[in-house]
Amino acid sequence: DGGITQSPKYLFRKEGQNVTLSCEQNLNHDAMYWYRQDPGQGLRLIYYSQIVNDFQKGDIAEGYSVSREKKESFPLTVTSAQKNPTAFYLCASGVWGGSEQFFGPGTRLTVL
Amino acid sequence: AQKITQTQPGMFVQEKEAVTLDCTYDTSDPSYGLFWYKQPSSGEMIFLIYQGSYDQQNATEGRYSLNFQKARKSANLVISASQLGDSAMYFCAMREATPNTGTASKLTFGTGTRLQVTL
């Protein structure tokens with residue numbers, strides 16, 4: 001089935017450790033996105049990528065890094081520089097300039 | 001300034017009744033798109049409906065319709081014949097043109113409305 005997968009669903013890390021969240025899509029979409037959601041709030045854009053080997057900062061990129069070596073994959077690294085990393089992270093993909101973004105099931109990151 | 005405003009943190013509706021979830025937006029871009037997403041307790045975001053700024057008619061998708069009032073900058077979601085499974089968070093989002101490419105794709109989300117459908 002076509003779709004977006006994110007793994008793991010729940011992730012626990014100690015403070016000061018980097019952690020990488022996986023996002024894979026088989027929808028053949030050029031554009032991919034990472035969002036962060038905090039309790040009671042909407043989604044905020046962290047990074048996005050229009051095409052392989054290219055990505056742009058979103059509204060809250062500080063403390064995060066991404067790579068886009070393959071069309072299907074857009075991993076997000078939460079670095080130790082991110083001051084408050086505990087949140088729900090959602091990956092999405094879509095046709096650039098298209099009318100819809102498809103979302104993965106999300107990863108809930110808890111930093112202890 | 002808030003680009004997307006959802007003023008109803010929570011709403012209740014009885015099963016089989018209709019409900020309207022409010023959304024107002026702010027943009028100076030003549031070309032934009034408006035979206036509604038549903039987020040159940042499991043967390044995934046489910047696309048419901050889309051309205052383009054140049055669309056002449058209000059969008060409809062099954063029990064969902066979008067009441068688009070361009071002059072008032074509002075894009076309210078109407079759910080008809082509510083079902084227990086409609087209980088979820090609902091987010092309004094807007095897509096504007098990105099400055100560097102001139103094409104629109106980044107979404108800005110509102111803070112959401114929690115809808116509870118009761119018997």
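The values are calculated or read from the model by the stated rules, or taken from the named source; none is laboratory data. Remember, it's a predicted structure, so these values are computed and weren't measured experimentally. No Cβ is skipped: glycine too gets one built from the backbone with ideal geometry, and neighbour counts run over all protein chains shown. We work out accessible area using only protein heavy atoms, side chains counted, and drop any ligands, DNA or RNA first. Shrake-Rupley method; radii C 1.70, N 1.55, O 1.52, S 1.80 Å.
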Using a 1.4 angstrom probe on heavy atoms only, work out the carbon and sulfur share of the accessible area of chain A in %.
-> 47
Along Cα→Cβ, 7 Å out, is where each label goes; now give me the distance between the ones at residue A:10 and residue B:42 in nm to one decimal.
-> 1.7
If one takes the accessible area of chain A alone plus chain B alone and subtracts that of the pair, with a 1.4 Å probe, what total in Å², rounded to the nearest 100, results?
-> 1700
Can you work out the accessible area per residue across segment A:18-81, with the rest of the protein chains kept in place, probe 1.4 Å, in square angstrom?
-> 45
Chain B: C-alpha gyration tensor shape, a/c 1.5 cut-off, then a/b vs b/c = prolate
Which one of A:11, A:105, A:22 is farthest out on the positive end of the charge dipole of chain A, using unit charges on Cβ (Lys, Arg +1; Asp, Glu -1) and the Cα centre as origin?
-> A:11
Restricting to chain B, what percent of DSSP beta bridges are antiparallel, rounded to 5?
-> 90
In nm, give the distance between the simple-model label positions of residue B:83 and residue B:15, each being 7 Å from the Cα along the Cα-to-Cβ direction.
-> 1.2
Yeah, chain A with a ≥ b ≥ c from its alpha-carbon gyration tensor (a/c under 1.5 is rounded, else prolate when a/b outruns b/c, oblate otherwise) is prolate
